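Right, one structure below, let's go through it.
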Amino acid sequence: MFASKPGPKVIFYKEAFDDAEDSEEMEEEIPVVVCAAAGRMGAAMAAINSIYSNTDANVLFYVVGLRNTLSHIRKWIEHSKLREIKFKIVEFNPMVLKGKIRPDTARPELLQPLNFVRFYLPLLIHKHEKVIYLDDDVIVQGDIQELYDTKLMLGHAAAFSDDCDLPSTHEMVRSAGMQNTYMGFLDYRKKAIKDLGISPGTCSFNPGVIVANMTEWKHQRITKQLEKWMQRNVAENLYSSSLGGGVATSPMLIVFYGKHSHINPLWHIRHLGWSADARYSEHFLQEAKLLHWNGRHKPWDFPSVHPDLWESWFIPDPSGKFKLNRGGS
């Protein structure tokens with residue numbers, strides 16, 4: 001069963017429907033999209049486990065992978081406590097990205113095809129008006145229903161969490177040398193960027209947590225707009241991973257500038273992966289609804305901060321392929 005817009009390119013293949021049946025309850029389902037990449041699949045499973053364990057809501061997980069990982073995803077879910085979840089396994093065809101990604105040696109991991117799944121949500125989601133997208137390196141401590149209930153303003157296709165919205169994170173940003181304005185993501189020496197008329201000091205947002213309205217997304221042709229800026233970057237080098245945000249964040253900052261709603265800041269406490277030393281207070285982390293280890297220092301690897309908060313939700317790989325790196329242990 002294939003899902004695509006008219007044209008020659010097939011984007012997504014629904015490999016499995018499992019318990020996700022058509023029913024009168026469809027409107028009550030909360031669709032959550034999580035990507036499961038080879039080499040970091042344990043992250044997706046921990047994220048899914050944390051969501052499922054902290055809600056009574058009717059969650060439907062769309063677990064997205066590349067073709068060579070689909071059987072691994074299925075085995076991990078079906079041979080662990082996750083067998084109880086409602087899920088669809090979905091293949092992403094990276095050919096859709098051909099000619100749209102500029103090779104970048106600074107942070108090649110950011111060019112991983114699944115980083116761009118969030119650009120193509122309407123090609124994946126057909127029966128839901130509202131969708132949650134989450135990066136794999138998150139842990140959800142709150143009830144996902146609360147995030148799903150985020151209000152999107154009229155005419156907005158998505159809601160994000162602004163990078164300047166929580167004073168408690170400002171010290172972390174400063175200590176790790178991170179950028180939280182558009183200047184950290186876009187090359188303001190380029191005419192195409194200057195012509196946008198966006199002040200370089202404008203606060204950026206992080207698209208690792210998205211609440212999206214599919215009707216508005218399609219109506220505004222968001223995917224086409226994002227692809228346009230990807231192609232322009234290939235030709236003009238308008239942004240790069242040597243800047244703060246890499247190649248998936250920058251086009252979203254452009255397309256959604258001044259046209260997005262806001263997620264409660266406690267639903268996206270981020271920067272946990274930017275430093276192996278800078279830590280948040282335990283009290284602050286307990287208050288957080290969602291933790292995001294964006295950055296190089298992932299909680300399944302070494303060194304990292306607050307790995308215990310992540311590992312409490314980790315489910316060991318039944319196949320034994322994915323292993324935690326705890327540094328000499």
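The values are calculated or read from the model by the stated rules, or taken from the named source; none is laboratory data. Predicted, not measured: the structure shown is a model, and the values here were computed from it. All Cβ positions, even for glycine, are placed from backbone atoms using ideal geometry, and neighbour counts span all protein chains on display. Heads up: the accessible areas ignore ligands, DNA and RNA and are worked out on the full protein's heavy atoms, side chains in. Shrake-Rupley method; radii C 1.70, N 1.55, O 1.52, S 1.80 Å.
Hey, could you check region 126-162 for residues that are of a type in the set (A, V, I, L, M, F, W, C) and in contact with a Phe, Trp or Tyr (Cβ under 7 Å, 6 or more places away or on another chain) and say which is nearest to Phe205 (Cα to Cα)?
Phe160
Just for region 189-237: of the residues that are out of contact with any helix residue (DSSP H, G or I) (no Cβ under 7 Å at 6 or more places or on another chain) and β-branched (Val, Ile, Thr), which one is farthest from Cys35 (Cα to Cα)?
For region 189-237, the residue satisfying everything is Ile193.
Residue-by-condition table, conditions (1) farther than 30 Å from Gln286 by Cβ; (2) touching a Gly at 6+ places or on another chain (Cβ under 7 Å); (3) surrounded by fewer than 18 Cβ atoms within 10 Å (Cβ to Cβ); (4) modelled with pLDDT of 90 or more:
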residue: Ala159; (1), (2), (3), (4): no, no, no, yes
residue: Cys164; (1), (2), (3), (4): no, no, yes, no
residue: Ser168; (1), (2), (3), (4): no, no, yes, no
residue: Ser175; (1), (2), (3), (4): no, no, yes, no
residue: Gly208; (1), (2), (3), (4): no, no, no, yes
residue: Arg221; (1), (2), (3), (4): yes, no, yes, yes
residue: Trp229; (1), (2), (3), (4): yes, no, no, yes
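Restricting attention to region 71-100, report how many residues are among the acidic types (Asp, Glu), more than 21 Å from Gln112 (Cα to Cα) and open to solvent by less than 80 Å² (accessible area, probe 1.4 Å).
Matching residues across region 71-100 total 1.
For the subset of region 1-59 comprising residues that are open to solvent by 10 Å² or more (accessible area, probe 1.4 Å), of a type in the set (Phe, Trp, Tyr) and at pLDDT 50 or above, which member is farthest from Phe322 (Cα to Cα)?
Among those that are open to solvent by 10 Å² or more (accessible area, probe 1.4 Å), of a type in the set (Phe, Trp, Tyr) and at pLDDT 50 or above, it is Tyr13.
Could you tell me which residue of region 273-311 is farthest from Gly327 (Cα to Cα), considering only residues that are assigned to a helix (DSSP H, G or I) and open to solvent by less than 20 Å² (accessible area, probe 1.4 Å)?
Checking each candidate, the answer is Leu285.
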